[in-house]
Every structure is written in structure tokens, then in C-alpha cells.
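K.L.:
Take a look at the following structure, please.
Each reported figure results from applying straightforward, stated rules to the coordinates on display, with no laboratory input. Predicted, not measured: the structure shown is a model, and the values here were computed from it. No Cβ is skipped: glycine too gets one built from the backbone with ideal geometry, and neighbour counts run over all protein chains shown.
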Amino acid sequence: MTRSHHSPRPLTRADVTPEGLWLNRRRLIAGLGAGSIAGGMGLGAWAQEALVPNEWDAITSYNNFYEFGTDKSDPVQNAGDMVTSPWKVTVDGLVDNPGDYDLADLIGDIPTEERIYRFRCVEAWSMVIPWNGFELNKLLAKVGVKADAKFVAFETAVLPDVMEGVNYPFLDWPYREGLRLDEAMHPLTIMATGIYGRPIPNQNGAPMRLVVPWKYGFKSIKSIVRISLVEEQPYATWQATNPREYGFYSNVNPEVDHPRWSQATERVVGSGLFGGRIDTLPFNGYADQVASLYDGMDLRENF
Ligand SMILES: Nc1nc2c(c(=O)[nH]1)N[C@H]1C(S)=C(S)[C@@H](COP(=O)(O)O)O[C@H]1N2
Ligand SMILES: [Mo]
């Protein structure tokens with residue numbers, strides 16, 4: 001195990017544009033008409049190209065899932081032994097219907113839909129990922145949020161037999177994250193159970209992971225086994241590990257640099273275009289929909 005998180009790393013084969021991506025991209029761009037996801041946000045043509053979904057291979061073989069190792073290629077190699085069915089999720093705290101649920105029962109009849117989201121890691125790389133999932137607010141409505149709940153806390157499974165990383169205390173396991181209740185209820189916030197219409201691969205957080213597209217990727221916690229409604233701002237792994245570098249909010253913000261690197265641009269993984277770098281957008285391009293959540297807040301202080 002190395003402790004390379006968020007530090008510069010040498011280029012590897014994973015940095016090379018996958019063969020066939022160019023053709024695939026042209027095909028998909030041709031399908032992006034006026035009013036498409038990209039066009040609708042008023043981005044330039046080059047940015048529209050960058051918005052075309054990354055290929056399956058890039059999304060599922062270049063991962064951060066430290067329970068399975070700290071190299072980007074560790075999760076795809078090591079996560080295969082995690083058994084994700086059956087899967088228990090504990091729901092507790094300030095809810096009407098607490099319990100240890102089978103995931104299938106917890107999701108019940110909530111339908112899944114596709115959401116194509118930009119995904120921006122705090123390490124200044126990004127992808128575009130076609131998730132399948134459902135709004136977290138639908139799950140929260142089912143379990144019944146009590147009036148005094150102010151935050152939602154999440155925990156990842158700790159499976160020492162299959163997750164080599166959790167045997168080493170370089171993070172205080174379990175991996176934990178949290179959202180303010182209004183962030184959790186926002187319609188952009190989803191629980192993902194699939195990618196490209198297929199069940200979500202283990203390395204991407206099977207069987208269910210959070211996706212919060214306007215925040216840095218580390219907020220999007222994987223392989224969730226506990227959801228707690230709480231009154232106080234919960235423990236969040238990276239914030240607690242290095243509060244100088246990682247905040248609780250972690251909204252994507254090109255104007256607030258990480259202490260060790262700029263956040264003004266990002267490298268699009270799997271893209272050869274313009275060296276694969278594009279400008280990073282406030283709230284990762286979702287400002288229209290989420291900036292009002294932070295009205296009156298100093299986003300430098302609350303980074
Ligand atoms: N449990 C857990 N969740 C996690 C992580 C992790 O190490 N453990 N890494 C985070 C980080 S830093 C990122 S960028 C995303 C990566 O998601 P992906 O591998 O599906 O692209 O997962 C996030 N969720
Ligand atoms: Mo990340």
C-alpha cells in the first residue's frame with residue numbers, strides 16, 4: 001500500500017487516449033442537437049466535446065476506492081471479490097422507519113433513471129458518467145426524515161477479507177461522508193446503482209453509491225452500508241484527515257485552489273482533446289441549480 005492520495009503521480013498507460021474514443025466521440029457529438037445537455041448550458045463546442053460520456057473502460061478502470069488500494073488501477077483488480085448481494089443497509093438516527101434493510105427492500109419500487117453527470121475529482125481530473133439511479137430524496141421520503149434532522153451521514157462497508165486497505169489505518173475506516181439535509185434532498189443528488197445501463201461495477205461502488213455532481217468526487221461515497229439522519233455536521237473522512245486541504249462542503253470551485261495545486265482546470269480522463277484539459281466550472285457546471293443553496297455563505301471559508 002502506498003499513500004499517494006491527491007499527490008502528483010507519474011503518467012501511466014491509463015493516461016493514453018483509449019483507441020476508438022475519437023470515433024465514438026464524433027458519433028455521440030452528432031447526436032447532441034440544440035438544447036442537448038451541453039448546448040443547453042451555453043458551453044462552447046470544445047466543451048461540448050468534453051461532455052461526451054467517457055467510455056466504459058475509462059470509467060471502470062481508473063478509480064479511487066482506497067479500501068481496495070490507492071493506485072487508480074487497484075480497485076478494478078481487487079474489488080471483484082466483494083459480495084454485493086445480499087447487501088444490508090442500516091438506516092438510523094432521526095427517521096420514522098429505522099432498521100437494517102436488505103438493499104432490495106430499501107429501494108423497493110423506486111424507479112431508476114439515467115443521469116449523465118460531469119464528475120470532477122479534487123485531484124483535478126474529470127469524466128462524464130452516465131449513471132443509473134434515483135434521487136436520494138425518494139429514499140429519504142420512504143424512511144421518513146424527522147423534523148430535527150439537519151444532516152445525512154453515510155458509511156462504506158468495512159470488509160477486511162476483501163478490502164486490503166482497511167487493514168491499514170491510513171484512513172480512519174469506515175470511509176464516511178455527509179451532506180447537509182438540503183443538499184441531500186436536492187434533485188441532482190442521486191444514489192447510483194448502475195452505469196451505462198449495467199449494474200454498477202464493484203470498483204465504482206456497488207451495489208449503491210452516492211453521486212453529488214456539483215461536489216468533488218470524494219463526497220460521492222461508495223458501497224454504502226449505513227445512512228444516518230443526524231442533527232450535527234457528521235464526520236467526513238477527507239475533511240477529518242486533512243482539514244487544511246479538504247472541506248466539508250467541497251463544492252467544485254475553480255477560484256479556490258487546493259493548497260498543493262490549482263483547481264482552475266481539469267484533465268478529462270480518456271480524452272486527447274486539447275491535451276484533455278478544460279476549464280473547471282463553478283459548482284462543476286451546476287451553479288444554476290445549486291448555487292442558491294449557499295446564498296450568503298463565504299465559499300472560500302466554507303470550501
Ligand atoms: N468508500 C469510498 N468511497 C469513495 C472513495 C474511496 O476511496 N472510498 N473515493 C472517492 C473519490 S476521491 C472519488 S474521485 C470517487 C471516484 O469514483 P469512481 O471511481 O467511480 O470514479 O469516489 C469517491 N468515493
Ligand atoms: Mo477524488
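K.L.:
Provide the FRET efficiency to the nearest 0.05 for the Asp105-Asp279 pair, computing r from the beta carbons and using R0 = 41 Å.
P.N.:
Details: r = 44 Å, r/R0 = 1.07.
So, using R0 = 41 Å, E works out to roughly 0.40.
K.L.:
While we're here: Equivalent ellipsoid semi-axes for region 68-157, as square roots of 5 times the alpha carbon gyration tensor eigenvalues: give them largest first, rounded to whole Å. Don't skip to the end; give the middle numbers.
P.N.:
On the way: eigenvalues 149, 64, 46 Å².
They are 27, 18, 15 Å, listed largest first.
K.L.:
Would you please state the base-10 log of I(q)/I(0) at q = 0.16 1/Å for region 149-303, with intensities from the Debye formula using one equal scatterer on every alpha carbon?
P.N.:
Here log10 of I(q) over I(0) equals -1.04.
K.L.:
At R0 = 25 Å, how high is the FRET efficiency between Tyr168 and Val83 if r is their beta carbon distance? Nearest 0.05 is fine.
P.N.:
0.70
K.L.:
Now, a different point. Quick check: pseudo-label points 7 Å beyond the Cα along Cα→Cβ at Thr265 and Asn137, how many nm apart are they?
P.N.:
3.7 nm
K.L.:
Considering only DSSP states other than H, G, I, E and B, which trypsin sites (Lys or Arg not before Pro) in region 225-290 qualify as loop sites with at most 16 other Cβ atoms within 10 Å? List each step's numbers first, then the result.
P.N.:
On the way: sites: Arg226, Arg244, Arg260, Arg267, Arg277; in loops: Arg244, Arg260.
Listed in order of number, the matching sites are Arg244, Arg260.
K.L.:
Please give, to one decimal in nm, the separation of the simple spin-label points placed at Ala287 and Asn242, each 7 Å out from Cα toward the Cβ.
P.N.:
Between Ala287 and Asn242, the simple spin-label model gives 2.7 nm.
K.L.:
When the chain is fully extended, how far beyond the present Cα-Cα distance does Tyr235 get from Arg180, taking 0.36 nm per residue of separation? Don't jump to the answer; show the numbers that get you there.
P.N.:
Working: separation 55, 0.36 × 55 = 19.80 nm, distance 1.21 nm.
Using 0.36 nm per residue and subtracting the Cα-Cα distance, I get 18.6 nm.
K.L.:
Let me ask something else about it. Roughly what would the spin-label model give for Glu113 and Leu159, points 7 Å off Cα along C-beta, in nm?
P.N.:
So the two model labels end up 3.0 nm from each other.
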